[in-house]
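For reference, the structure discussed in these notes is given below.
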Amino acid sequence: MARIIVVTSGKGGVGKTTTSASISTGLAKRGHKTVVIDFDVGLRNLDLIMNCERRVVYDFVNVIQGEASLNQALIKDKRVETLYILPASQTREKEALTREGVEKVINELSQTFDYIVCDSPAGIEHGAQMALYYADEAIVVTNPEVSSVRDSDRILGILQSKSRRAEMGQDPVKEHLLLTRYNPDRVDRGEMLSVKDVEEILAIPLLGVIPESQVVLNASNQGLPVILEENSDAGQAYDDAVARLLGEDREHRFMTAQKKGFFSRMFKGG
Amino acid sequence: MSDTATSGVKQSFQLKSANVSLTALELYYFDNDEFEANLRDKISQAPGFFKDIPLIISLEKYEGLDSELDFFKIIGTCRRHNIHVIGVRAGNEDQRRLARGASLALLPGGTVREKPQTAAPEPEAAAEEAPVAETPAAALSTAEPAPARIISQPVRSGQQVYAPEGDLIILAPVQAGAEVLAAGNIHVYGPLRGRALAGIHGAESARVFCQSLEAELVSIAGHYKISEDLQDNGWKSAVQIQLRDDLLVVTPLDKA
């Protein structure tokens, strides 16, 4: 059986798709057969970040509605051997995702894949609820600011009450906090919430802290999951997060401000 | 899935015993207009709580005429206010037949009070607080103290937790945007960041206890204070809040 992981946040623009791309790439790079599904019907983005937008023929909704088979819709990643992408439909409505349809697709995928990563749309409406319904684990992507934390709290409540595990009375969905766009300098200046603040408010285990970085933006624009930028701090932070997700014990990094010396300022280190 | 293939026969469902706490509406007499007015009044005290709750009609103290007992009207009125009548408790044979006619479930109740048909009883508002002098029949059902509801998970933004009869004890944070309500006291062994409403049926002796007061609103028996008015006293520290002379008083727990 595959482990089903939803990447969700409530709030938009916090880095769900970036995270989905990197986490799924990281899992696949370690040899796990992984598929990442874009649940954001109508606002398809994952294919851009994974650089496969020109290869989309059929999509998730086509499969649900029986217009294409799963094999026709799955796109094989060109960089990582065991990674597949199931793109969202750009032209349909979110309501095209029915619970039965999603279940059918997920059941079929779980027979051949080790990990199914569900990239949730923003909000708490139908699309987001479909993305999290079948999840075994949830990566809650949060920015260190008050409104994002509040929305994450809201989505955690929905995970506890409206997921399949909650409805069936099974063990609850395993929750992970991933703090993205973290800028230790701004935390020190009091402009951002600290890791400790966010952990204290949300009261769920910390999976990782991804530093705010130009590399993330550049990678997205090039259609490269940032985890493949192995020399960057953000890429390494995602790699740590994937390792922790798989049960490895790694110390948290990139949480304190670096004292920039003359040389690193000269050569734009990091 | 492979389940069906390997285990042979798989049933489509399984019956399990369930224990749920329900709200009962103790009906004294029925007049549709008054009923609706009283209902609206009750709902306005805790609008969030009443939304989509299941309700049973308790007939133990019903004093009106059987012929006035129009379950279809009761169901309709409740439905308009998003309350779902699911069954009837107690009542005599005729009343239960009427209830069955309206497709309501019949729940067992205490001994039925066969009431002599006297002249029109003094109309008292339906669903008011229980009368002080209780009849033996009614006293039977309230002999046990209501159990406290204990919650060990954080109450998240947008969630609502309700203890309809007794105390509410929460062993985790109550987050901003969450709401906790109880007929009795509310204990929060963690920060109280959301809204806490104790004594929502009017118990003025109810109190709210928390380890860190960061609440959006605290209310006891309808008397409330909002975050702005709570900041000066005991903010972000362990406190209890009680009602004294219609005023909410915050006192630190270590000096209690």
* Asked: When the residues of segment B:179-194 are filtered to those that are within 14 Å of another protein chain (Cβ to nearest Cβ) and under 27 Å from B:Asn38 (Cα atoms), which remaining residue is surrounded by the most Cβ atoms within 10 Å (Cβ to Cβ)?
  -> B:Val180
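Filter segment A:162-181 down to residues that are acidic (Asp, Glu) and either away from every other protein chain (no Cβ under 11 Å) or part of a helix (DSSP H, G or I) (or both), then give me how many there are. Walk me through how you get there before you give the answer.
Kept after step one, since they are acidic (Asp, Glu), are these residues of segment A:162-181: A:167, A:171, A:175.
Subsequent filtering for residues that are either away from every other protein chain (no Cβ under 11 Å) or part of a helix (DSSP H, G or I) (or both) retains A:167, A:171.
Residues flagged as acidic (Asp, Glu) and either away from every other protein chain (no Cβ under 11 Å) or part of a helix (DSSP H, G or I) (or both) within segment A:162-181 amount to 2.
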* Working only within segment A:70-125, note down all residues that are away from chain B (no Cβ under 14 Å), closer than 20 Å to A:Val141 by Cβ and surrounded by fewer than 18 Cβ atoms within 10 Å (Cβ to Cβ). => none
* Out of all the residues in segment B:156-178, which are in a loop (DSSP other than H, G, I, E, B), touching a helix residue (DSSP H, G or I) at 6+ places or on another chain (Cβ under 9 Å) and within 12 Å of another protein chain (Cβ to nearest Cβ)? -> B:Arg156, B:Ser157, B:Gly158, B:Gln159, B:Pro173, B:Gln175, B:Ala176, B:Gly177, B:Ala178
* Any residue in segment B:36-57 that is crowded, with 18+ Cβ neighbours inside 10 Å, more than 16 Å from B:Ala24 (Cα to Cα) and modelled with pLDDT of 85 or more? -> no
* Filter result (exposed (fewer than 15 other Cβ atoms within 10 Å of the Cβ), hydrophobic (A, V, I, L, M, F, W, C) and part of a helix (DSSP H, G or I)) within segment B:61-107 -> B:Phe72
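Of the residues A:Leu207, A:Leu159, only one is surrounded by 13 or more Cβ atoms within 10 Å (Cβ to Cβ), at pLDDT 95 or above and not in a helix (DSSP H, G or I); which?
Values: A:Leu159 fails: not in a helix (DSSP H, G or I).
Going through A:Leu207, A:Leu159 in turn, just one is surrounded by 13 or more Cβ atoms within 10 Å (Cβ to Cβ), at pLDDT 95 or above and not in a helix (DSSP H, G or I): A:Leu207.
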* Would you be able to say whether some residue in segment B:187-196 is assigned by TED's automatic domain parsing to the domain that holds B:Ser237, assigned to a strand (DSSP E or B) and within 15 Å of the chain's Cα centre (by Cα)? => yes
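Can we say B:Gln153 is within 14 Å of chain A (Cβ to nearest Cβ), touching a residue at least 24 places away in the same chain (Cβ under 8 Å) and surrounded by fewer than 18 Cβ atoms within 10 Å (Cβ to Cβ)? Can you show your working first?
On the way: within 14 Å of chain A (Cβ to nearest Cβ): yes; touching a residue at least 24 places away in the same chain (Cβ under 8 Å): no; surrounded by fewer than 18 Cβ atoms within 10 Å (Cβ to Cβ): yes.
When the stated conditions are applied, B:Gln153 does not pass them.
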* Among (1) surrounded by 19 or more Cβ atoms within 10 Å (Cβ to Cβ); (2) farther than 30 Å from B:Ser157 by Cα - the single one A:Gly10 does not satisfy -> (2)
* Structure fact -> When segment B:198-209 is checked residue by residue, the ones that are surrounded by 15 or more Cβ atoms within 10 Å (Cβ to Cβ) and over 20 Å from B:Phe49 (Cβ atoms) are B:Phe209
* Every residue from segment B:223-255 that is surrounded by fewer than 14 Cβ atoms within 10 Å (Cβ to Cβ) and at positive phi -> B:Lys236, B:Asp245, B:Asp246
* Taking the stated definitions as given, is A:Val61 crowded, with 16+ Cβ neighbours inside 10 Å and touching a helix residue (DSSP H, G or I) at 6+ places or on another chain (Cβ under 8 Å)? -> yes
* Flag for A:Gln222 being crowded, with 18+ Cβ neighbours inside 10 Å, of a type in the set (S, T, N, Q) and modelled with pLDDT under 95 -> no
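The values are calculated or read from the model by the stated rules, or taken from the named source; none is laboratory data. Computed from a predicted model, the values in this text were never measured in an experiment. Glycine also receives a Cβ, built like all others from the backbone with ideal geometry; neighbour counts cover every protein chain displayed.
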